[in-house]
Amino acid sequence: MSTPTTNNPAFDPNIVSTYTGQKWNDLDARIREAAAMLGYDEDAWNSGKVTHLLKDATWNDLDAPKRDAAKLIGYDDAKWNRIYASFHSAA
């Protein structure tokens, strides 16, 4: 399983999506749609990049459709917020 690529040493690769490590084209269409709603495209997904939403929005900042999309690909509020916090913790 691949790990996300970030330039953030505080990022914990163990708190990733259920589908991390699967290639974009191997994902079910509804999973790709959910991922796209969260800012992923084929390149970002396959390279393990973290989308701007994960860096810039807490779980509560997400609207209901984006929270539903995040849940579909394996995130919950705790997992999402740990990733967000890893980008905003003091170095």
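Readers should treat all values here as calculations from the given coordinates under stated rules, not as data from a laboratory. Note that the coordinates shown come from a computational prediction; the quantities given were computed from them, not determined experimentally. A quick note on method: Cβ atoms are made from the backbone with ideal geometry, for glycine too, and the neighbour counts reach across all protein chains shown.
Observations
- Full extension of the segment from ASN81 to THR18, taken as 0.36 nm per residue of separation minus the current Cα-Cα distance, would add 21.1 nm.
- Mean Cα-pair separation over length for the stretch 26-82, i.e. relative contact order, pairs under 8 Å, 6 or more apart, %: 42 percent
- Environment charge of TYR19, counting only residues whose C-beta is closer than 12 Å and scoring Lys/Arg +1, Asp/Glu -1: +1
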